[in-house]
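Report on one structure; see the data block that follows.
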Amino acid sequence: MASIVIENLAKNFPCGRGRSILAVTALNLTLTDGECLALVGPSGCGKTTLLRLVAGLEVPDAGNIAMDGRDLLGVPPPERDVAMVFQHHALYPHMTVRENLSFGLRLRRVPPVEAERRVAELAGRLGLQECLERRPAQLSGGQCQRVALGRALVRRPRVLLLDEPFSHLDAPLRQQLRELVKELHQELGLTVLHVTHDQSEALAAGRRVAVMSGGTLHQVGTAAEVYREPASLLVAQFIGASPMNLLRGRLRQCGAGVCFAVRAEAAPADTGELLLKLSPAQESQLTPVCGKDLVVGIRAEQLLLDEPASDGAVPQSFEACVSEVESFGWHSRIGLKLGGVRLFAASAAAVVPGVGDKVTVFVRRESAVFFDAATGRRLA
């Protein structure tokens, strides 16, 4: 295992006529020894480029990558002790599973007896004992990805790079291989950088999650921090099975306190206004930006269709119309129409409303987060 420190990393790709595509820019990231970090972001945001830079398959235009304090600039890929599993398994089609697994060991002149022992041990761990004499064309997609994973692990690298290796597999198999990677990470003590565009996979795969867009990192934190406390509107919109509900508006005085007034065109038609009273903590943080355009973000599970148990505070509520209902078995996602916008609530209740029903929605205001509408930066 090894620690990785990335400082001010940048990579451009020329695209003709003197122009270039900025794939990675001023990127700083640290992976501690033995850590599994999930890197998530939309397609084309620079995730794979970052992996290729760490692996030595691309040369950075600026910045530095160090492993255990050793500068990797100029160090060829075979000498970096880094293994990479690609989105496509990229197995040698003319070789058997056994030969694919042992190929890297032969190149490193590992003694045949030791190589065979490692292959047999890892094949057993990956459930490939019955497939060792088959070729890739005779394997399922899940088996091919397990072989690709085994080919990377059999060398016993210090760093494992995963480039969306499960994206083409069905959901149960993705979960199975994700759990297998977690087990191997703990057993072998690997440092793992797992790239994915699936935010649910990212939240499940790593203790820490890094959110990337446009070649830059927007937030690095634990899965809970990134989900509950997004640092920007981009993170709030990207992370979560249901994107965070977002409403634009401004702060204004409401009696002795301060309220967030939702923009008129988004408010219910019958009242023309929707007010969210701030908690004392939110009020102290947001009072300096009174009068500025803000965006409030509320997760679906913070919109309740049943009145919450009384904690001494008056619950915030509003009326909405149910526009759609999606059942996921253990919970339902309820689409709500509120004036000119749509919101989503999550309900675990056995009985859910029907489309077209009018419902009262209760808001857990303490869990709301506020962003600057102009910059997208989180304010509270």
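Taken together, the values in this text are just the output of simple stated rules run on the coordinates, not laboratory data. All values reported here derive from a predicted model rather than from experimental measurement. Please note: Cβ atoms are built from the backbone with ideal geometry, for glycine as well, and neighbour counts cover all protein chains shown.
Comparing Thr287, Thr196, Thr49 in a Gaussian network model of the chain (Cα springs below 10 Å), the most mobile by mean-square fluctuation is Thr287. When the convex hull of its Cα atoms is viewed from all sides, the range 53-98 shows a mean projected area of 4.7 nm². Computed extension gain for Arg248 through Arg70, at 0.36 nm per residue and net of the alpha carbon distance, reaches 59.3 nm. Remark: spin-label model distance Ala171-Gln138 equals 3.4 nm, labels positioned 7 Å along the Cα→Cβ axis.
Could you work out how far helix 112-126 tilts from the main Cα principal axis of the chain, as a 0 to 90 degree angle to the nearest 10? Orientation of helix 112-126: about 30 degrees from the principal axis. For the chain, the 222 nm mean residue ellipticity estimated from helices alone, with every DSSP H stretch of n ≥ 4 adding -39500 (n - 2.57) and the total spread over all residues, rounds to -7000 deg cm²/dmol.
Here the gap between Arg342 and Cys290, fully extended at 0.36 nm per residue and compared with their Cα-Cα distance, gives a gain of 16.2 nm.
If you plug the beta carbon distance of Glu229 and Ala261 into 1/(1 + (r/R0)^6) with R0 = 25 Å, you get a FRET efficiency near 0.60. Modelled this way, with points 7 Å down the Cα-to-C-beta line, the labels at Tyr92 and Glu116 are 1.8 nm from one another. Normalised by the number of residues in the chain, the mean separation of alpha-carbon contacts (under 8 Å, six or more apart) gives a relative contact order of 15 percent.
With each label modelled as a point 7 angstrom along the Cα→C-beta vector, the Arg377-Arg109 pair spans 5.6 nm. Between Val110, Val154, Val181, the GNM of the chain built on Cα springs shorter than 10 angstrom shows Val110 fluctuating the most.
Remark: the range 245-372 carries a charge dipole of roughly 320 debye about the Cα centre, counting +1 on each Lys and Arg Cβ and -1 on each Asp and Glu Cβ. Neighbour counts of C-beta atoms inside 10 Å place Cys290, Cys321, Cys259 in the sequence Cys290, Cys321, Cys259, starting with the fewest.
The long axis of helix 97-107 is offset from the longest Cα principal axis of the chain by roughly 70 degrees. Only one of (i) 1.19; (ii) 1.07; (iii) 1.01 was calculated from the structure for Cα Rg over 2.2 N^0.38 Å, and its label is (i). Longest segment of the chain with no chymotrypsin sites (Phe, Trp or Tyr not before Pro) in a DSSP loop having at most 14 other Cβ atoms within 10 Å? Here the longest run is 1-327.
Kindly list the residues of the range 45-61 that lie in the label zone of Ala26, defined by a backbone N under 17 Å from the point 7 Å along the Cα-to-C-beta vector. Answer for this model: 61. Close amide H contacts of Gly206 (hydrogens built in the peptide plane, cut-off under 5 Å, sequence separation of 5 or more or a different chain): Ala38.
Which listed residue (Leu379, Pro76, Gln87) has the Cα farthest towards the positive end of the charge dipole for the chain, taking +1 on Lys and Arg C-beta and -1 on Asp and Glu C-beta about the Cα centre? Ranked along the dipole, the leading option is Pro76.
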